[in-house]
Amino acid sequence: MPLAASFVLPRRTVLAGLGVSLFALGLPARGLAAANPTILTAAPASLKLGGEGAPATATLAYNGTTPGPLIRARQGEEVFVRLVNGLDRPTTLHWHGVRIANAMDGAAGLTQDPVPPGGSFDYRFTVPDAGTYWYHPHVHGDTARQLNAGLYGILVVEEAQPLTVDRDLLLVIDDWSLGADGQILPASPADAMHAGRIGQKITVNSKPLEEIELAPNERLRLRIVNVANARVAAIAVAGLQSYVVAIDGQPTNAPFVPENGRIDLPPGGRADLFIDGVLEPGAPAGIAMNNAGEIVELLRLSQATGAPKRSVALPAPGPLRSNKLPADFALQKAKRFEIVMDGGPKMNASGQMQHPMAGDPQSIWSFNGISSSGHGGKPVFSVKRGTLVTLGLANKSIFSHAIHLHGHAMRILHPFDDGWQPYWVDSVLVKDGETVHVAFLADNPGKWMLHCHMLEHQEAGMSGWFEVT
Ligand code: C2O
Ligand code: CU
(Lines give C-alpha, C1' and ligand atoms only; values in the text may rest on other atoms or scores of the structure.)
(Ligands and ions follow the chains in the order given, each with its own letter.)
Protein backbone atom coordinates (compact mmCIF):
# COMPACT_ATOMS: atom_id res chain seq x y z
CA MET A 1 0.00 0.00 0.00
CA PRO A 2 2.54 2.69 0.87
CA LEU A 3 4.41 2.07 -2.37
CA ALA A 4 1.31 2.23 -4.50
CA ALA A 5 0.29 5.36 -2.67
CA SER A 6 3.61 6.99 -3.29
CA PHE A 7 3.60 6.07 -6.98
CA VAL A 8 0.20 7.58 -7.58
CA LEU A 9 -0.19 10.98 -6.03
CA PRO A 10 -3.96 11.36 -6.02
CA ARG A 11 -5.55 14.69 -6.69
CA ARG A 12 -6.85 16.20 -3.52
CA THR A 13 -10.21 16.99 -5.06
CA VAL A 14 -10.65 13.39 -6.09
CA LEU A 15 -9.83 12.28 -2.57
CA ALA A 16 -12.39 14.61 -1.08
CA GLY A 17 -14.99 13.32 -3.50
CA LEU A 18 -14.31 9.74 -2.53
CA GLY A 19 -14.39 10.57 1.14
CA VAL A 20 -10.94 9.04 1.63
CA SER A 21 -8.69 10.61 4.20
CA LEU A 22 -5.09 11.33 3.35
CA PHE A 23 -3.98 9.31 6.34
CA ALA A 24 -5.66 6.24 4.89
CA LEU A 25 -3.27 6.49 1.97
CA GLY A 26 -0.26 6.99 4.17
CA LEU A 27 0.27 10.51 2.94
CA PRO A 28 0.91 13.16 5.54
CA ALA A 29 -2.00 15.54 5.70
CA ARG A 30 -1.09 19.14 5.16
CA GLY A 31 -1.85 21.65 7.83
CA LEU A 32 -1.46 19.15 10.63
CA ALA A 33 2.23 19.08 9.86
CA ALA A 34 2.84 22.40 11.55
CA ALA A 35 1.60 21.22 14.92
CA ASN A 36 2.76 17.62 14.84
CA PRO A 37 5.89 16.36 13.17
CA THR A 38 5.80 13.62 10.60
CA ILE A 39 8.01 11.00 12.20
CA LEU A 40 10.57 9.28 10.01
CA THR A 41 12.29 6.39 11.72
CA ALA A 42 15.41 5.12 9.98
CA ALA A 43 15.76 1.43 10.76
CA PRO A 44 16.54 -1.98 9.27
CA ALA A 45 13.82 -3.31 6.96
CA SER A 46 13.43 -5.68 4.05
CA LEU A 47 12.27 -5.47 0.47
CA LYS A 48 11.32 -7.86 -2.31
CA LEU A 49 13.11 -6.21 -5.18
CA GLY A 50 12.21 -8.91 -7.68
CA GLY A 51 8.49 -8.53 -7.00
CA GLU A 52 6.28 -10.79 -4.87
CA GLY A 53 7.77 -14.26 -4.45
CA ALA A 54 11.33 -12.96 -4.77
CA PRO A 55 13.74 -13.40 -1.88
CA ALA A 56 13.70 -10.62 0.68
CA THR A 57 16.68 -8.27 0.67
CA ALA A 58 17.74 -6.80 4.00
CA THR A 59 17.58 -3.01 3.64
CA LEU A 60 17.49 0.20 5.64
CA ALA A 61 14.35 2.29 5.34
CA TYR A 62 12.31 5.16 6.74
CA ASN A 63 9.20 3.75 8.42
CA GLY A 64 9.85 0.42 6.72
CA THR A 65 9.37 1.57 3.12
CA THR A 66 11.71 2.41 0.26
CA PRO A 67 11.17 5.06 -1.01
CA GLY A 68 10.35 6.40 2.44
CA PRO A 69 7.03 8.12 3.15
CA LEU A 70 6.19 10.76 0.60
CA ILE A 71 6.33 14.20 2.18
CA ARG A 72 4.04 16.76 0.54
CA ALA A 73 3.72 20.43 1.27
CA ARG A 74 2.42 23.41 -0.58
CA GLN A 75 4.86 26.09 -1.70
CA GLY A 76 5.64 28.47 1.16
CA GLU A 77 4.34 26.10 3.83
CA GLU A 78 6.28 24.62 6.69
CA VAL A 79 7.58 21.07 6.67
CA PHE A 80 7.98 19.55 10.13
CA VAL A 81 9.70 16.17 10.25
CA ARG A 82 11.22 14.37 13.22
CA LEU A 83 14.03 12.01 12.29
CA VAL A 84 14.35 9.11 14.73
CA ASN A 85 17.54 7.12 14.41
CA GLY A 86 16.85 3.41 14.75
CA LEU A 87 20.13 2.52 13.03
CA ASP A 88 23.30 1.38 14.73
CA ARG A 89 25.25 4.30 13.25
CA PRO A 90 24.80 8.09 13.16
CA THR A 91 22.61 9.62 10.48
CA THR A 92 20.89 12.86 9.39
CA LEU A 93 18.31 14.02 6.85
CA HIS A 94 19.41 16.21 3.97
CA TRP A 95 16.70 17.84 1.82
CA HIS A 96 18.25 17.59 -1.62
CA GLY A 97 17.65 20.60 -3.86
CA VAL A 98 15.64 22.62 -1.35
CA ARG A 99 16.83 26.21 -0.91
CA ILE A 100 16.53 25.64 2.80
CA ALA A 101 17.61 27.49 5.94
CA ASN A 102 21.20 26.40 6.58
CA ALA A 103 20.60 24.89 10.03
CA MET A 104 18.07 22.45 8.50
CA ASP A 105 20.32 21.26 5.65
CA GLY A 106 21.30 18.07 7.43
CA ALA A 107 24.99 18.07 6.52
CA ALA A 108 26.60 16.29 9.46
CA GLY A 109 29.70 18.04 10.73
CA LEU A 110 28.86 21.25 8.88
CA THR A 111 25.31 22.30 9.72
CA GLN A 112 24.52 19.93 12.57
CA ASP A 113 25.94 17.13 14.68
CA PRO A 114 25.12 13.67 13.41
CA VAL A 115 22.10 12.13 15.12
CA PRO A 116 23.41 9.23 17.23
CA PRO A 117 21.70 5.82 17.33
CA GLY A 118 18.60 6.19 19.48
CA GLY A 119 18.62 9.97 19.01
CA SER A 120 16.26 12.24 17.13
CA PHE A 121 16.34 15.61 15.36
CA ASP A 122 13.53 17.96 14.36
CA TYR A 123 13.63 19.43 10.87
CA ARG A 124 11.35 22.42 10.54
CA PHE A 125 11.58 24.67 7.50
CA THR A 126 9.51 26.43 4.86
CA VAL A 127 9.74 25.33 1.25
CA PRO A 128 10.31 28.32 -1.03
CA ASP A 129 10.06 26.48 -4.35
CA ALA A 130 7.41 24.23 -5.84
CA GLY A 131 8.78 21.07 -7.42
CA THR A 132 10.24 17.61 -6.91
CA TYR A 133 12.89 17.17 -4.22
CA TRP A 134 14.12 14.29 -2.11
CA TYR A 135 15.63 13.48 1.25
CA HIS A 136 18.49 11.22 2.27
CA PRO A 137 21.19 10.85 4.95
CA HIS A 138 24.28 13.08 4.83
CA VAL A 139 26.94 11.71 7.17
CA HIS A 140 30.43 11.74 5.77
CA GLY A 141 31.86 8.24 5.53
CA ASP A 142 28.49 6.49 5.66
CA THR A 143 26.21 8.37 3.23
CA ALA A 144 26.89 6.00 0.35
CA ARG A 145 26.25 2.90 2.41
CA GLN A 146 23.01 4.25 3.88
CA LEU A 147 21.58 5.28 0.49
CA ASN A 148 22.77 2.07 -1.05
CA ALA A 149 20.70 0.20 1.51
CA GLY A 150 17.49 2.09 0.67
CA LEU A 151 17.43 5.18 2.89
CA TYR A 152 15.79 7.89 0.79
CA GLY A 153 12.38 9.42 0.17
CA ILE A 154 10.65 12.05 -1.91
CA LEU A 155 9.51 15.56 -1.04
CA VAL A 156 6.90 17.03 -3.36
CA VAL A 157 6.19 20.74 -3.06
CA GLU A 158 2.92 21.56 -4.77
CA GLU A 159 2.47 24.73 -6.75
CA ALA A 160 0.62 27.45 -4.84
CA GLN A 161 -1.94 27.39 -7.66
CA PRO A 162 -2.97 23.92 -8.83
CA LEU A 163 -2.00 22.88 -12.36
CA THR A 164 -4.16 21.19 -14.94
CA VAL A 165 -2.97 17.62 -14.60
CA ASP A 166 -5.16 14.60 -13.96
CA ARG A 167 -2.63 12.38 -12.24
CA ASP A 168 0.68 12.85 -10.54
CA LEU A 169 3.07 9.88 -10.49
CA LEU A 170 6.50 9.19 -9.07
CA LEU A 171 9.13 7.16 -10.87
CA VAL A 172 12.01 6.68 -8.45
CA ILE A 173 14.93 5.00 -10.18
CA ASP A 174 17.48 3.05 -8.18
CA ASP A 175 20.04 0.38 -8.93
CA TRP A 176 21.17 -2.32 -6.57
CA SER A 177 24.24 -4.52 -6.34
CA LEU A 178 22.98 -7.84 -5.06
CA GLY A 179 24.88 -11.02 -4.31
CA ALA A 180 23.65 -14.49 -5.37
CA ASP A 181 21.78 -14.64 -2.05
CA GLY A 182 19.80 -11.52 -2.96
CA GLN A 183 21.57 -9.41 -0.33
CA ILE A 184 23.13 -5.99 -0.87
CA LEU A 185 26.83 -6.07 -1.61
CA PRO A 186 28.96 -3.33 -0.08
CA ALA A 187 30.66 -0.96 -2.54
CA SER A 188 34.17 -2.14 -3.36
CA PRO A 189 37.38 -0.06 -3.35
CA ALA A 190 37.31 -0.42 -7.16
CA ASP A 191 33.89 1.31 -7.22
CA ALA A 192 35.36 4.35 -5.47
CA MET A 193 38.35 4.31 -7.83
CA HIS A 194 36.20 4.07 -10.99
CA ALA A 195 32.64 5.23 -11.80
CA GLY A 196 31.18 4.62 -8.34
CA ARG A 197 28.86 1.78 -7.33
CA ILE A 198 26.72 0.88 -10.36
CA GLY A 199 24.16 -1.83 -9.59
CA GLN A 200 22.80 -4.28 -12.12
CA LYS A 201 19.37 -4.69 -10.54
CA ILE A 202 17.36 -1.67 -11.64
CA THR A 203 14.11 -0.77 -9.92
CA VAL A 204 11.42 1.88 -10.14
CA ASN A 205 9.63 2.57 -6.88
CA SER A 206 11.44 -0.58 -5.65
CA LYS A 207 9.66 -2.70 -8.27
CA PRO A 208 10.96 -4.15 -11.53
CA LEU A 209 8.46 -2.18 -13.66
CA GLU A 210 5.54 0.25 -13.38
CA GLU A 211 2.56 -0.13 -15.71
CA ILE A 212 -0.27 2.33 -16.13
CA GLU A 213 -3.17 2.98 -18.44
CA LEU A 214 -3.87 6.48 -19.63
CA ALA A 215 -7.43 7.51 -20.34
CA PRO A 216 -7.85 9.16 -23.73
CA ASN A 217 -6.82 12.83 -23.47
CA GLU A 218 -5.68 12.44 -19.89
CA ARG A 219 -2.61 14.44 -18.82
CA LEU A 220 -0.26 13.01 -16.28
CA ARG A 221 2.67 14.54 -14.49
CA LEU A 222 5.53 12.14 -14.06
CA ARG A 223 8.20 13.00 -11.51
CA ILE A 224 11.35 11.04 -12.34
CA VAL A 225 13.96 10.93 -9.57
CA ASN A 226 17.35 9.25 -9.91
CA VAL A 227 18.38 8.13 -6.42
CA ALA A 228 21.09 5.70 -7.58
CA ASN A 229 24.45 6.11 -5.84
CA ALA A 230 26.49 6.84 -8.94
CA ARG A 231 24.63 5.92 -12.13
CA VAL A 232 23.77 8.57 -14.69
CA ALA A 233 20.30 7.39 -15.70
CA ALA A 234 20.18 7.33 -19.50
CA ILE A 235 16.44 7.56 -19.96
CA ALA A 236 14.61 7.13 -23.25
CA VAL A 237 11.02 8.23 -23.77
CA ALA A 238 9.27 6.43 -26.62
CA GLY A 239 5.85 6.49 -28.26
CA LEU A 240 4.67 9.40 -26.12
CA GLN A 241 3.65 13.00 -26.32
CA SER A 242 5.81 14.39 -23.52
CA TYR A 243 7.14 17.73 -22.33
CA VAL A 244 9.88 18.40 -19.81
CA VAL A 245 8.29 20.98 -17.50
CA ALA A 246 10.85 21.02 -14.68
CA ILE A 247 14.40 19.91 -13.95
CA ASP A 248 15.82 19.52 -10.45
CA GLY A 249 12.56 20.93 -9.11
CA GLN A 250 12.70 24.21 -11.01
CA PRO A 251 10.38 24.92 -13.99
CA THR A 252 12.09 24.96 -17.37
CA ASN A 253 11.93 28.32 -19.17
CA ALA A 254 9.48 26.71 -21.55
CA PRO A 255 8.35 23.09 -21.59
CA PHE A 256 10.36 21.18 -24.21
CA VAL A 257 10.17 17.84 -25.92
CA PRO A 258 13.21 15.78 -24.92
CA GLU A 259 15.74 15.79 -27.76
CA ASN A 260 15.69 12.40 -29.48
CA GLY A 261 13.55 11.22 -26.57
CA ARG A 262 16.64 11.20 -24.36
CA ILE A 263 17.08 12.52 -20.84
CA ASP A 264 20.33 11.96 -18.94
CA LEU A 265 19.72 12.34 -15.25
CA PRO A 266 22.80 12.52 -13.04
CA PRO A 267 22.57 10.84 -9.64
CA GLY A 268 20.29 12.98 -7.49
CA GLY A 269 18.68 14.58 -10.56
CA ARG A 270 14.97 14.99 -11.23
CA ALA A 271 12.91 15.62 -14.35
CA ASP A 272 9.18 16.38 -14.32
CA LEU A 273 7.32 15.43 -17.48
CA PHE A 274 3.81 16.05 -18.70
CA ILE A 275 2.57 13.07 -20.70
CA ASP A 276 -0.66 13.14 -22.67
CA GLY A 277 -3.04 10.28 -23.23
CA VAL A 278 -2.89 10.42 -27.01
CA LEU A 279 -1.12 7.10 -27.55
CA GLU A 280 -1.34 4.86 -30.59
CA PRO A 281 -3.61 2.03 -29.45
CA GLY A 282 -1.56 -1.14 -29.12
CA ALA A 283 1.77 0.52 -29.93
CA PRO A 284 4.50 0.26 -27.30
CA ALA A 285 4.90 3.40 -25.25
CA GLY A 286 6.81 4.19 -22.13
CA ILE A 287 10.09 4.97 -20.51
CA ALA A 288 13.18 2.80 -20.60
CA MET A 289 16.78 3.08 -19.54
CA ASN A 290 19.94 2.15 -21.33
CA ASN A 291 22.02 -0.02 -19.02
CA ALA A 292 25.34 -0.40 -20.85
CA GLY A 293 23.61 -1.32 -24.09
CA GLU A 294 20.80 -3.34 -22.56
CA ILE A 295 17.39 -1.65 -22.65
CA VAL A 296 15.59 -1.87 -19.32
CA GLU A 297 11.91 -0.98 -19.35
CA LEU A 298 10.90 1.25 -16.43
CA LEU A 299 7.37 2.39 -17.21
CA ARG A 300 4.93 0.79 -19.64
CA LEU A 301 2.06 2.99 -20.75
CA SER A 302 -1.03 2.00 -22.64
CA GLN A 303 -4.13 3.75 -23.79
CA ALA A 304 -7.32 2.78 -21.94
CA THR A 305 -10.39 2.16 -24.05
CA GLY A 306 -12.88 3.72 -21.66
CA ALA A 307 -14.37 7.18 -21.60
CA PRO A 308 -12.01 10.00 -22.50
CA LYS A 309 -10.91 12.36 -19.76
CA ARG A 310 -11.99 15.29 -21.91
CA SER A 311 -13.28 15.63 -25.45
CA VAL A 312 -10.04 16.98 -26.90
CA ALA A 313 -6.47 16.69 -25.66
CA LEU A 314 -5.07 19.65 -23.74
CA PRO A 315 -2.93 22.06 -25.74
CA ALA A 316 0.84 21.96 -25.31
CA PRO A 317 1.60 23.27 -21.82
CA GLY A 318 2.97 26.73 -21.20
CA PRO A 319 5.77 27.29 -18.67
CA LEU A 320 5.01 26.45 -15.06
CA ARG A 321 4.94 29.47 -12.83
CA SER A 322 8.55 30.26 -11.96
CA ASN A 323 9.79 29.93 -8.40
CA LYS A 324 11.10 33.51 -8.47
CA LEU A 325 14.73 32.65 -8.84
CA PRO A 326 16.99 35.62 -9.57
CA ALA A 327 16.23 36.46 -13.17
CA ASP A 328 19.06 38.18 -14.96
CA PHE A 329 22.66 37.53 -14.15
CA ALA A 330 25.09 40.35 -15.02
CA LEU A 331 28.16 38.19 -15.40
CA GLN A 332 30.56 41.13 -15.54
CA LYS A 333 29.93 41.54 -11.83
CA ALA A 334 30.39 37.87 -10.98
CA LYS A 335 33.07 36.49 -8.70
CA ARG A 336 34.76 33.66 -10.48
CA PHE A 337 36.24 30.51 -8.99
CA GLU A 338 37.93 27.60 -10.69
CA ILE A 339 37.28 24.15 -9.34
CA VAL A 340 39.46 21.41 -10.72
CA MET A 341 38.25 17.86 -10.26
CA ASP A 342 41.07 15.39 -10.31
CA GLY A 343 42.34 12.09 -8.98
CA GLY A 344 41.62 8.46 -9.70
CA PRO A 345 43.28 6.45 -12.41
CA LYS A 346 45.02 8.03 -15.40
CA MET A 347 45.55 6.82 -18.94
CA ASN A 348 49.16 6.16 -19.85
CA ALA A 349 50.66 6.78 -23.29
CA SER A 350 49.63 3.34 -24.53
CA GLY A 351 46.02 3.91 -23.47
CA GLN A 352 46.07 1.73 -20.39
CA MET A 353 44.47 2.72 -17.14
CA GLN A 354 47.08 3.41 -14.52
CA HIS A 355 45.93 3.37 -10.91
CA PRO A 356 47.45 5.63 -8.30
CA MET A 357 49.70 4.01 -5.73
CA ALA A 358 47.77 2.65 -2.80
CA GLY A 359 47.16 5.54 -0.46
CA ASP A 360 44.43 6.83 1.77
CA PRO A 361 41.15 5.45 0.31
CA GLN A 362 39.50 8.71 1.36
CA SER A 363 41.88 10.75 -0.77
CA ILE A 364 41.40 9.25 -4.22
CA TRP A 365 39.52 12.30 -5.58
CA SER A 366 40.00 15.99 -5.01
CA PHE A 367 38.85 19.55 -5.63
CA ASN A 368 41.79 21.81 -6.49
CA GLY A 369 44.20 19.16 -5.32
CA ILE A 370 42.62 18.82 -1.89
CA SER A 371 40.62 15.82 -0.75
CA SER A 372 37.78 16.47 1.68
CA SER A 373 39.80 15.17 4.61
CA GLY A 374 42.49 17.78 3.79
CA HIS A 375 40.44 20.98 3.84
CA GLY A 376 41.54 21.59 7.41
CA GLY A 377 38.18 23.15 8.18
CA LYS A 378 38.54 25.71 5.38
CA PRO A 379 35.91 26.42 2.72
CA VAL A 380 36.63 25.91 -0.98
CA PHE A 381 35.47 29.50 -1.41
CA SER A 382 33.75 32.14 0.62
CA VAL A 383 31.57 35.02 -0.59
CA LYS A 384 29.36 37.73 0.81
CA ARG A 385 25.62 37.25 0.64
CA GLY A 386 24.24 38.59 -2.63
CA THR A 387 27.38 37.82 -4.64
CA LEU A 388 26.91 36.44 -8.11
CA VAL A 389 29.29 33.48 -8.40
CA THR A 390 30.52 31.68 -11.49
CA LEU A 391 32.31 28.38 -11.17
CA GLY A 392 34.55 26.92 -13.81
CA LEU A 393 34.19 23.21 -13.13
CA ALA A 394 37.14 21.54 -14.84
CA ASN A 395 37.27 17.77 -14.91
CA LYS A 396 40.87 16.62 -15.38
CA SER A 397 40.10 13.02 -14.52
CA ILE A 398 39.05 10.15 -16.80
CA PHE A 399 35.64 9.67 -15.12
CA SER A 400 32.51 11.82 -15.09
CA HIS A 401 31.44 13.70 -11.98
CA ALA A 402 28.07 15.07 -10.91
CA ILE A 403 28.81 18.24 -8.97
CA HIS A 404 26.10 19.11 -6.49
CA LEU A 405 25.68 22.39 -4.63
CA HIS A 406 23.59 22.72 -1.49
CA GLY A 407 21.17 25.53 -0.71
CA HIS A 408 21.12 27.16 -4.17
CA ALA A 409 19.97 26.57 -7.75
CA MET A 410 22.43 27.24 -10.54
CA ARG A 411 22.35 27.92 -14.23
CA ILE A 412 24.60 26.30 -16.78
CA LEU A 413 26.33 28.48 -19.35
CA HIS A 414 25.90 27.16 -22.84
CA PRO A 415 29.36 26.23 -24.14
CA PHE A 416 29.07 27.81 -27.60
CA ASP A 417 27.27 31.07 -27.04
CA ASP A 418 26.80 33.45 -24.18
CA GLY A 419 23.37 32.15 -23.32
CA TRP A 420 22.09 29.93 -20.56
CA GLN A 421 20.67 26.47 -20.75
CA PRO A 422 16.90 26.94 -20.47
CA TYR A 423 16.66 25.38 -17.02
CA TRP A 424 18.17 25.39 -13.53
CA VAL A 425 19.96 22.57 -11.74
CA ASP A 426 21.32 21.67 -8.34
CA SER A 427 23.74 19.10 -9.81
CA VAL A 428 25.67 19.32 -13.03
CA LEU A 429 27.28 16.47 -14.89
CA VAL A 430 30.86 17.20 -15.99
CA LYS A 431 32.20 14.51 -18.28
CA ASP A 432 35.84 13.46 -18.31
CA GLY A 433 38.07 16.13 -19.76
CA GLU A 434 35.25 18.71 -19.93
CA THR A 435 34.90 22.11 -18.31
CA VAL A 436 31.41 23.40 -17.51
CA HIS A 437 30.63 26.89 -16.34
CA VAL A 438 27.79 27.51 -13.94
CA ALA A 439 26.50 30.59 -12.18
CA PHE A 440 24.39 31.15 -9.12
CA LEU A 441 23.42 33.97 -6.83
CA ALA A 442 24.86 33.25 -3.38
CA ASP A 443 21.82 34.56 -1.55
CA ASN A 444 21.41 31.90 1.13
CA PRO A 445 23.68 32.51 4.12
CA GLY A 446 25.50 29.64 5.75
CA LYS A 447 27.94 26.82 5.16
CA TRP A 448 27.01 24.65 2.20
CA MET A 449 28.33 21.39 0.86
CA LEU A 450 29.76 21.15 -2.63
CA HIS A 451 30.50 17.60 -3.72
CA CYS A 452 30.30 14.90 -6.32
CA HIS A 453 26.95 13.12 -6.02
CA MET A 454 28.55 9.91 -7.19
CA LEU A 455 28.59 9.02 -3.57
CA GLU A 456 31.61 6.72 -3.64
CA HIS A 457 33.58 9.63 -5.15
CA GLN A 458 32.30 11.98 -2.49
CA GLU A 459 33.46 9.65 0.25
CA ALA A 460 36.80 9.12 -1.49
CA GLY A 461 37.62 12.81 -1.27
CA MET A 462 35.59 14.77 -3.84
CA SER A 463 33.83 16.93 -1.33
CA GLY A 464 34.14 20.35 0.22
CA TRP A 465 32.03 23.29 1.30
CA PHE A 466 31.57 26.95 0.59
CA GLU A 467 30.43 29.77 2.74
CA VAL A 468 27.98 32.61 2.21
CA THR A 469 28.49 35.24 4.91
CU1 C2O B 1 21.86 14.69 -2.32
CU2 C2O B 1 25.00 16.65 -0.53
O3 C2O B 1 23.42 15.66 -1.35
CU1 CU C 1 32.61 12.01 -9.03
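The values are calculated or read from the model by the stated rules, or taken from the named source; none is laboratory data. This one's a predicted model, so the numbers in the text were calculated from it and none came from an experiment. Every residue, glycine among them, receives a Cβ derived from its backbone with ideal geometry; neighbour counts consider all protein chains shown. Ligands, DNA and RNA are stripped out before the accessible areas are found, and what is left, the full protein with its side chains, is counted by its heavy atoms. Shrake-Rupley method; radii C 1.70, N 1.55, O 1.52, S 1.80 Å.
The count of lysine pairs in the chain whose Cα atoms are under 26 Å apart, excluding pairs fewer than 8 places apart on the same chain, comes to 21.
Contact order normalised by length for the chain, with contacts defined as Cα pairs under 8 Å and 6 or more residues apart; what percent is it?
14 percent
In the calculated pair distance distribution of region 331-468, what percentage of Cα-Cα distances lie above 28 Å? So the portion of pairs separated by more than 28 Å is 17 percent.
Projecting the Cα atoms of Gly286, Gly68, Val115 onto the charge dipole of the chain (Cβ charges, centred on the Cα centre) puts Val115 farthest toward the positive pole. Hey, if you put +1 on the Cβ of every Lys and Arg and -1 on every Asp and Glu Cβ in the chain, which of Asn148, Gly179, Trp448 ends up farthest toward the positive end of that dipole? Result: Trp448. For the pair Leu209 and Leu163, a Förster radius of 30 Å applied to the C-beta separation gives a FRET efficiency near 0.65, rounded to the nearest 0.05.
Within the chain, DSSP assigns beta bridges of which about 75% are antiparallel (rounded to the nearest 5).
Within region 331-468, what whole-number % of the accessible surface is contributed by carbon and sulfur, with the 1.4 Å probe and all protein chains included in the calculation?
Of all accessible area on region 331-468, carbon and sulfur atoms account for 53 percent.
In the full protein context, the chain carries 40 Å² of accessible surface per residue, based on a 1.4 Å probe and ignoring ligands, DNA and RNA. In the chain, helices alone account for a calculated mean residue ellipticity at 222 nm of -1500 deg cm²/dmol, with every DSSP H run of four or more residues adding -39,500 (n - 2.57).
By the Cα gyration tensor, the chain has an equivalent ellipsoid whose semi-axes, rounded to whole angstrom, run 33, 25, 24 from largest to smallest. Could you work out how far apart the two model spin labels at Ser350 and Ile295 are, taking each label as a point 7 Å from the Cα in the direction of the beta carbon, and quote it in nm? Label at Ser350, label at Ile295, 4.0 nm between them.
May I ask you to list the residues of region 152-193 whose amide nitrogen lies under 18 Å from a point 7 Å from Cα along the Cα→beta-carbon direction of Arg89? Only 152-153, 176-179, 183-193 pass the distance filter. The calculated FRET efficiency for the pair Gln241 and Lys384, based on their C-beta separation and a Förster distance of 45 Å, comes to about 0.45.
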